[in-house]
Amino acid sequence: MEMFGKKRVAVIGAGMTLFRRNLKETGKELAWEASSMALDQAGLELKDIQSVVMGTAPDAFDGVHMKGEYLADGAGSWRKPYSRVFVGGGTGVFTIDAGWWHVASGQFDTCLVVGEEKMSSCYPHPAYAFTTIFDPIYARPLGVTLIWIFALEMHRYMHVHGIKKEEIARVSVKNKRNALDHPCAQLGANITVEDVLNSEVMCWPVQRLDISPTSDGAAALILASEDVAKKLTDNPVWIDGVGWCIDSTFWTNRDLYFPQYVQGAAQMAYKMAGIKNPPKEIDVAEVYDPFDYKELHHMEGLMLARKGQAPKLTAEGVTQRDGDLPINPSGGLLGVGNPIAAAGTMKCCEIFWQLRGEAGKRQVKGDPRTGLAQAWGDLMQYGSVVIMRS
Amino acid sequence: MRDAAIVGVGCTGFESVTPDISYKEMMFEAATRAYQDAGNISPRKDIDAFISVAEDYWEGFSIFDEFVPDQLGAVLRHLFTVSGDSIIGLATANMLIKTGHFDVVAVESHGKPSDILTLYDVVSFAMDPILNRPLGGHPFYVGGMEMNRFLCETGNSKEQCAMVVAKNKGNALANPFAAYGADTDVEDVLRSDPYFYPLNKLDISQPSDGGVVIVLASDEVAYKLNDNPIWLKGVGWICDTPSLETRCWSEAVYARMAADMAYKHAGINTPSKEVDFAEVDDLFSYKELQHMEALRLCGKGQAGTLTEEGVTSLDGYLPVNPSGGMLGMGWPLEASGMQRLLEVVLQLRGEAGSRQLSDVEVGVAQSWRGIPTATGAVAVLSNC
Amino acid sequence: MSEKIKRFPGEQLKGADIREGRIPSVKHRPNVKYLWSTGVAMSRFLEGLKKGKIVASACRKCGRIMVPPRAFCEQCFKPADEYVPIKDTGTINTYSVSYVAGDASRIKEPILVAVIDIDGASEGMGILHLLGEIDDWKQIKFGMRVKAVWKRPEERTGSITDIKYFAPLKEG
């Protein structure tokens, strides 16, 4: 019996909450705020939503086991087909990939995609929860912290390509400045490269202003099949490519200078979207930046820059909002905040708003038609990508 | 595009403890068996996507997704984790295939509750932190409350629930994968210690360790991988509500709605006549009766009578839990749905050994995510 | 954020208000404890450490010697063929200097951490460990040669910490 057919998928609405270190709202309430805003923007009611996908990262932050279940009602999923996907930090963008297959398979005409994180529940500091992501035999007994592994990767990247800290610090300066124009941003600021280089050394070469904060927040998007989208809006944004890829758990066996898993995810998405020359064909990109060097690292993984060349593009201003390849016009995680899963979903929302020309002061120049959002996750392991077109 | 089909299954078996292997080695064994069963495919090139079904707190690691790819052959491939029930994992694999971009998808789930020293504290950790958890207590009291209301409203009896235990543990004696097969009398169950009235000790499944991998393929490649593909005719999944205070306490609404979704796709209008056998969640004995009624395998209040009359036994006309269910096989946490799917596939293939049912064409697998959720999924499978 | 949206939900709280109890809250410390079976591969590794050896596993098909050892080769997707002791010297692949403890508090004496590619294992097969006996961390170089400094046999328990740290290898 013929069950489903393949369908084109559009994003027709998006919403998000403020991102802050401590928000009063519970995880359920944050999910609700973002979801209801997205529904309003799409011109739909909850009864029009046929399926829901929740993306939320470690349960240890919110302090609830099976937290997908706990958050379900906040995410509009009362008596609906609901599933939760979880790929560490990659979750925020992977969630929209998951929403994509709900509609592209033909099984549902609409899907509500939510990214939520309430890190402040982990008391007194979410850093504690991060120790549990490490292998209990060959890493935890050494007292490993999350910052160590980023520092090890950053240092390797700098060493292999001969990149200096000043070149990396420019990303933090750019993104925090971009975030000044984002009304929900946690850490928009006007800082200089010197400020970054003078900031407290956390774990060399990582310094305080190289890092994004821990945050609470939520973001949501509404996906619809082509027929439904065209009835609701003149301006649908199509999801033309999705990609995801995971590398081995043995990260100490890998050369960390290049994120092969991001390249794997990008190749999958580019193939689906028919993109052969990414730096020319992508008009705007939201690239995962929990640390400033990560933006460069991921640009190379996404093949938007050749290996070792991303710092040069940044220095030349190519990645500024008025450059040829704007990267993180939102302000990224460094500027807007990093509620793990919601951050990636926020990036998807940004691409949606950019392609619709609704990004206000953050709008990139020209008429962007093709946008990309990417997230990273697990132990230097996961890449998730989405490509949208208007 | 026609239905997708299950072309490979691999199971490690279910045991009460597995101290000699790590969870990684357990997953590797299940995956190796499944890939061999699926025409000896190589995960390094033949599998388009991998789905791991897991929850952090069952494993004891945050972002459990990190620890998964190597033992499934998914390094630098397209794997992700669904934090849900294994049948939801299967539904996801089905959607991937229906997009037309994936031909072969592997789904994995396992449970190793013997690694958890404080299992029921982990279960409590899933309860609402503001309204429910501060009340304390062993979380299975929620099951007791539901059983009480269910029996009261439907007229099914404690004795009939005890018959479910005797049937399932008896069935499990014929299942080499089962951990807790036993010759149990109804009287044994009724006389066992009261735990969460009206649940007695023997009404409750014991945890077991085990892992299952299933390979799903599009109709275009199914026959290339297995001569006897088992077709996924319909699948549904529903989250009713996380709230204890506002849910229905007698009916398994999630199971009814998920079944309706699955039956609709499968073109089934009268399940009591069109379904040949079913594997349903029986974490607690009464759950089998409650789920039977939610799946419309019988009318409200009739499930206990059908059990008493032997209709749901191996030699009855609507066998339920021929595998022994979880009462017989053990409760493997998120792999519960896999346990149900595995049996349905084996029965439809004719590979169920001494518990083989005769002339079966349509089987239903149903799962529930356990206390404190009201979430579950249903899959309808057929060998034709 | 879209220029069409004018309301930005979320009420910010101050950390001090939370710490000093001015915000209604519920506290819970989960009682979640695990005892993981180490299984075949990790048991060999830990037993080896107790005896003062680093044990790797070998795959005859691709020829890799893998550390940390695993019971299967993830590239060939087949069981590993044997467990072999390898050397306890290696080369620094990458390193860092940490002034922050696991609970985000500051520490005065930095912890030196590194990924060390172990001699005898295949190229790039590194393990995570600490560095010691280094007076000035600026002397650390990529590619520097190091050797494991072990605890005394009676102090070892079968843990990665049976190696206290890796120290610069004195050649000659």
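The values are calculated or read from the model by the stated rules, or taken from the named source; none is laboratory data. It should be emphasised that the depicted structure is a prediction, and the values quoted were computed from it without experimental measurement. Ideal geometry is used to build each Cβ from the backbone, glycine not excepted, and the neighbour counts take in all protein chains shown. For accessibility, only protein heavy atoms count, side chains too; no ligands or nucleic acids. Shrake-Rupley method; radii C 1.70, N 1.55, O 1.52, S 1.80 Å.
Overview of values
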item: Apportionment of accessible area to carbon and sulfur, chain B, percent (1.4 Å); result: 49
item: Amide N proximity, segment A:13-39 versus C:Gln12 label position 7 Å along Cα-to-Cβ, cut-off under 15 Å; result: A:17-25
item: Within segment A:152-249, trypsin sites (Lys or Arg not before Pro) in DSSP loop having at most 16 other beta-carbon neighbours inside 10 Å; result: A:Lys164
item: Around A:Leu152: net Lys/Arg minus Asp/Glu count, Cβ-Cβ under 12 Å; result: 0
item: 10 Å-binned pair-distance histogram of the protein assembly as shown (Cα, whole percent); result: 2, 13, 22, 25, 21, 12, 4, 1, 0
item: Whole-number Å³ per residue for the convex hull built on Cα positions in chain A; result: 134
item: 10 Å beta-carbon shell around B:Pro242, net charge (K/R +1, D/E -1); result: -1
item: Relative packing of C:164-171, B:276-283, which averages over residues the other C-beta atoms within 10 Å, highest first; result: B:276-283, C:164-171
item: Label-point separation in nm, C:His28 to B:Arg2, each point 7 Å along Cα→Cβ; result: 4.9
item: Nearest-0.05 FRET efficiency for C:Leu35 and A:Asp227, computed from C-beta distance (R0 56 Å); result: 0.55
item: B/A buried area, accessible surface, summed, 1.4 Å probe, Å²; result: 5500
item: DSSP-loop trypsin sites (Lys or Arg not before Pro) across segment A:59-148, with at most 16 other Cβ within 10 angstrom; result: A:Arg79
item: For chain B, alpha-carbon Rg over 2.2 N^0.38 Å; result: 0.91
item: Segment A:264-348: GluC sites (Glu not before Pro) falling in loop per DSSP and having at most 14 other Cβ within 10 Å; result: A:Glu316
item: Solvent-accessible area per residue, Å², over the protein assembly as shown with all protein chains present [probe radius 1.4 Å]; result: 32
item: Listed residues A:Ser384, C:Ile140, B:Leu131: farthest to the positive end of the dipole of the protein assembly as shown (Cβ charges); result: C:Ile140
item: Shielding of A:87-94 by partner chains, average beta-carbon count, 10 Å; result: 3
item: Nitroxide proxy distance, nm - points 7 Å out along Cα→Cβ at B:Glu187 and A:Lys312; result: 8.8
item: Links that overshoot a 18 Å alpha carbon limit, given the list A:Lys7/A:Lys280; C:Lys50/C:Lys87; C:Lys53/C:Lys87; A:Lys67/B:Lys201; C:Lys51/C:Lys164; result: A:Lys7/A:Lys280; A:Lys67/B:Lys201
item: Pairwise label distance in nanometres, A:Ile191 with C:Lys51, each label 7 Å out on the Cα-Cβ vector; result: 5.1
item: Neighbour net charge for C:Gly132 - beta-carbon separation under 15 angstrom, K R +1, D E -1; result: -1
item: Other protein chain Cβ atoms within 10 Å, averaged over every residue that makes up A:151-158; result: 5
item: Cα-Cα over 21 Å, subset of C:Lys27/C:Lys108; A:Lys164/A:Lys276; A:Lys231/B:Lys264; A:Lys347/C:Lys4; A:Lys174/A:Lys347; result: C:Lys27/C:Lys108; A:Lys164/A:Lys276; A:Lys231/B:Lys264
item: Average partner coverage of B:82-90, which counts Cβ from other chains inside 10 Å; result: 4
item: Between segment A:48-90 and segment A:147-175, the alpha-carbon center distance in angstrom; result: 34
item: Heavy-atom accessible surface that C and B bury in contact, both chains counted, 1.4 Å, Å² to 100; result: 2200
item: Calculated FRET value between B:Asp315 and B:Gln36, using beta carbons and R₀ = 30 Å, to 0.05; result: 0.35
item: Efficiency of FRET between B:Ser272 and B:Lys45 - r from beta-carbon atoms, R0 60 angstrom, step 0.05; result: 0.85
item: Share, in percent, of DSSP beta bridges within chain B that are antiparallel, nearest 5; result: 70
item: Rounded Å value of the spacing that divides the Cα centres of segment B:143-173 and segment B:209-277; result: 23
item: Partners for C:Lys33 among aspartates and glutamates (Cα-Cα distance below 19 Å; same-chain residues under 8 apart left out); result: A:Asp59, A:Asp62, A:Asp135, B:Glu55, B:Asp56, B:Glu59, B:Asp115, B:Asp121, B:Asp209, B:Glu334
item: Rounded, prolate or oblate (a/c below 1.5 giving rounded, otherwise prolate when a/b exceeds b/c) for segment A:106-181 by Cα gyration tensor; result: oblate
item: Translational D in µm²/s for segment C:39-168 (Stokes-Einstein at 20 °C, 1.002 mPa s, Kirkwood Rh from C-alpha pairs); result: 138
item: Segment B:89-116 and segment B:288-304: distance between their alpha carbon centers, rounded to Å; result: 28
